[in-house]
Amino acid sequence: MPTSGLVSCMRNEAPFLLEWVAYHSLLGFDRIFVYTNACTDGTDLMLERLQQMGVLTHLHNPMSKGLGPQESAMQHFLSLDDVQQLDWVLHIDADEFLNVQAGQGRIADLLAVAGSADVMALMWRPFGNNGLTRWTGGSVLDTFTATQARPRAPNAQHKSLFRPRSFGAAIDHMPKEPLSGDVCLVNSAGVTCDPRALFSRHQARYRMPVENLSWDNAYINHYAIRSDDIFLMKNVRGDGMGRVSEKYFLNSKFYRRQNKNGGQDTSILRHRDALNARMTEFMADPVLDFLQTQALSAFIRTRDRVLTPERIAEWTAPEPVAQG
């Protein structure tokens, strides 16, 4: 049976970390790796405890000169002997959850679809804020079920499940520097797609034709917004590529593109009972319980201090002008 690993790069994700780890630990990945840098909210401490419990491997991002946090971490990740022993790896963020529709909803079911391919492009499915402006805690998966009803080209982006031994580098959305000129890329339906983006240093989107945009078998639940206050607080730290811009303003182009509430999707909750049991197991640990409680309280305090009415107004983009 093919082996698989999950890798993520995080900074200050403590209020949401345990659910992400608990959920993905149920999908059958052989290894989970999480990189962190400059955490101030206990994310790194929680990961250290989870490593002590044998749940995952926590690594410190080396922050290589000239590279963004994600690229730096992935450069280090692909150099690890443990990673080179894996057949497949998936690189996603803390606001992304792999939602496998095939079979029993496990990674093995998805690898069966991938077959002999080198890369499987997994399309985002954007989930909106469900009308929620303030976060008080709880489950992201239970709370945010409003989503885009069908795949659409304007906001079509992907994350990648790929064979680590076939590539020399990776960015946030895909592997790069193929070690062979003959690379097979498939979408989640198993359909062969144009792999040219894998050879381009600067291209971060697959730019597939509409007929290849698919949520068949699996997709990435992308909770880029969650509640509005969580979204706005991303301005405090910038994004995973080290950039700060108006991207994280309310009504920004990114906000409008990702805040989709026209449909409903609860399919990821097929794992709810097992997830709740795993969360109960985590919270029974006094260290994790303390750190989780502290993280949520700290988030609420910081939010209430930072997100004044004046700051919210400053971080709200003008409504787009309707085209006549």
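The values are calculated or read from the model by the stated rules, or taken from the named source; none is laboratory data. Everything numeric in this text was worked out from a predicted model, so none of it was measured. Cβ atoms come from the backbone with ideal geometry, glycine included; neighbour counts cover every protein chain shown.
Things to note:
- Only one entry of H202, H173 meets the criterion of being part of a loop (DSSP other than H, G, I, E, B), in contact with a strand residue (DSSP E or B) (Cβ under 8 Å, 6 or more places away or on another chain) and surrounded by fewer than 21 Cβ atoms within 10 Å (Cβ to Cβ), and that entry is H173.
- Within the range 208-221, residues that are touching a residue at least 12 places away in the same chain (Cβ under 8 Å) and farther than 16 Å from A114 by Cβ reach partners that are acidic (D, E) and assigned to a loop (DSSP other than H, G, I, E, B) with beta carbons closer than 8 Å, at six or more positions or on different chains, in the pairs M208/D194; N221/D265.
- Pairs where the first residue, in the range 63-75, is small (G, A, S) and the second is in a loop (DSSP other than H, G, I, E, B), C-beta under 6 Å, 6+ apart: G68/M241; G68/G242; S72/N61; S72/P62; S72/M63; S72/S64; A73/N61
- Number of residues in the range 21-58 that are in contact with a Ser or Thr (Cβ under 8 Å, 6 or more places away or on another chain) and not hydroxyl-bearing (S, T, Y): the value is 13.
- The residues of the range 138-156 that are in contact with a helix residue (DSSP H, G or I) (Cβ under 8 Å, 6 or more places away or on another chain) and modelled with pLDDT under 95, listed by number, are A153, P154, N155.
- Taken together, the criteria place A295 among residues that are in contact with a helix residue (DSSP H, G or I) (Cβ under 6 Å, 6 or more places away or on another chain) and farther than 21 Å from Q101 by Cα.
- Of the residues screened, A108 is not one that is among the hydrophobic types (A, V, I, L, M, F, W, C), part of a loop (DSSP other than H, G, I, E, B) and within 24 Å of E19 (Cβ to Cβ).
- Filter result for R196 (free of Cβ contacts under 8 Å to residues at least 60 places away in the same chain and either under 25 Å from P69 (Cα atoms) or acidic (D, E) (or both)): yes
- With respect to the conditions (1) of a type outside the set (S, T, N, Q); (2) crowded, with 21+ Cβ neighbours inside 10 Å; (3) more than 29 Å from S227 (Cβ to Cβ), P62 lacks only one, and its number is (2).
- As a summary of the residue check, E211 satisfies the conditions (1) loosely packed, with under 12 Cβ neighbours inside 10 Å; (2) assigned to a loop (DSSP other than H, G, I, E, B) except for the one numbered (2).
- Residue in the range 25-34 that is in contact with a strand residue (DSSP E or B) (Cβ under 8 Å, 6 or more places away or on another chain), charged (D, E, K, R) and either buried (at least 23 other Cβ atoms within 10 Å of the Cβ) or touching a residue at least 24 places away in the same chain (Cβ under 8 Å) (or both) present: yes
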